[in-house]
Amino acid sequence: MLNTEIDFREITNLDNFSGTVPVFPLSTIVFFPNTLLPLHIFEQRYRDMIKDAQESEKLIAMALLKPGWEKEYFKNPGIFSIAGIGRIVTSETQADGKSNIVLYGLKRVKIVELFDDKSYRRAKIELLENVSENNNEELKEKILYSISNWNDMLDDKLKKYKIQVNPQLSLAKLTDILASVLITNVFEKQKFLEELNIIKRAEMILSFLETRLKMIEITSARQKGIINKRNLN
């Protein structure tokens, strides 16, 4: 849980944003707005990145590496052009120079130009805005209803898989938070990140939840069938 004493107005303020940020490419992370991302920094180039970020706007763009990155990891492998930008909210430097940081997600961004003038990459970026439509509340209620059904179907042994969300969140925030915890495939996450239309993102989450519900219903029915068969024997 994020420290409640943190000033969110300051964290989310991008009014004087320079337009250029450090880029941290990873193969397993897709970073969404309104989510927290803990990172352990150990490579020297990214230690440099954190130091520079701390001394400027405390902003970092997290970008997903494209397939085939392994061959060029220590160079500059390809990255997806749509990324997530976040601000450092906590940072702890260890005695050996490594550090632990936490980013708070702010925006989807488009990488317009990359710069290789430092030990790490920097990017000129464009801030991307959500596209909204009118039936947000209806879709939000459907999502919350599906979450409630999901939670009701899980017994105490599976309670750790229950989904806890704040029903007061906007549809945009709700869907981003759900995507960060429910979608496991990074390329599916990237596809979700690249979708600017809130309604389409909500439909993606709703479809994902409904698929999970069907799967657990099938599994539950099979288990009951096995138990009934054993009882008959």
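Cβ-Cβ distances below 6 Å connect the following pairs, each with a first residue in the stretch 191-216 that is among the β-branched types (Val, Ile, Thr), a second residue that is outside any helix (DSSP H, G or I) and surrounded by fewer than 16 Cβ atoms within 10 Å (Cβ to Cβ), and a separation of six or more residues or different chains: Ile198/Ser132; Ile199/Glu133. Figure legend. Inter-residue proximity from the stretch 161-185: first residues in contact (Cβ under 8 Å) with a residue 12 or more places away in the chain and among the basic types (Lys, Arg), second residues surrounded by 12 or more Cβ atoms within 10 Å (Cβ to Cβ) and assigned to a loop (DSSP other than H, G, I, E, B), beta-carbon distance below 8 Å, spacing 6+ or different chains. Indicated pairs: Lys162/Leu154; Lys173/Pro33; Lys173/Asn34. Only one entry of Tyr161, Tyr120, Tyr104 meets the criterion of being out of contact with any helix residue (DSSP H, G or I) (no Cβ under 6 Å at 6 or more places or on another chain) and hydroxyl-bearing (Ser, Thr, Tyr), and that entry is Tyr161. For the stretch 139-183, taking the residues that are surrounded by 15 or more Cβ atoms within 10 Å (Cβ to Cβ) and β-branched (Val, Ile, Thr), the one that is modelled with the lowest pLDDT is identified as Ile163.
Conditions tested, residue by residue: (1) buried (at least 16 other Cβ atoms within 10 Å of the Cβ); (2) among the basic types (Lys, Arg).
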| site | (1), (2) |
| --- | --- |
| Arg47 | yes, yes |
| Glu72 | no, no |
| Phe80 | yes, no |
| Arg87 | yes, yes |
| Lys107 | yes, yes |
| Asn130 | yes, no |
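Just one residue in the set Leu64, Leu14, Leu37 is assigned to a loop (DSSP other than H, G, I, E, B) and surrounded by 13 or more Cβ atoms within 10 Å (Cβ to Cβ); that residue is Leu14.
So that you can scan it fast, the table gives a plain yes or no per residue for (1) part of a strand (DSSP E or B); (2) touching a helix residue (DSSP H, G or I) at 6+ places or on another chain (Cβ under 9 Å); (3) of a type in the set (Gly, Ala, Ser):
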| position | (1), (2), (3) |
| --- | --- |
| Met49 | no, no, no |
| Asp52 | no, no, no |
| Pro77 | no, yes, no |
| Val112 | yes, no, no |
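The values are calculated or read from the model by the stated rules, or taken from the named source; none is laboratory data. Just so it is clear, the structure is predicted and the values come from calculations on it, not from any experiment. For neighbour counting, all protein chains shown are included, and Cβ atoms are generated from backbone atoms with ideal geometry for every residue, glycine included.
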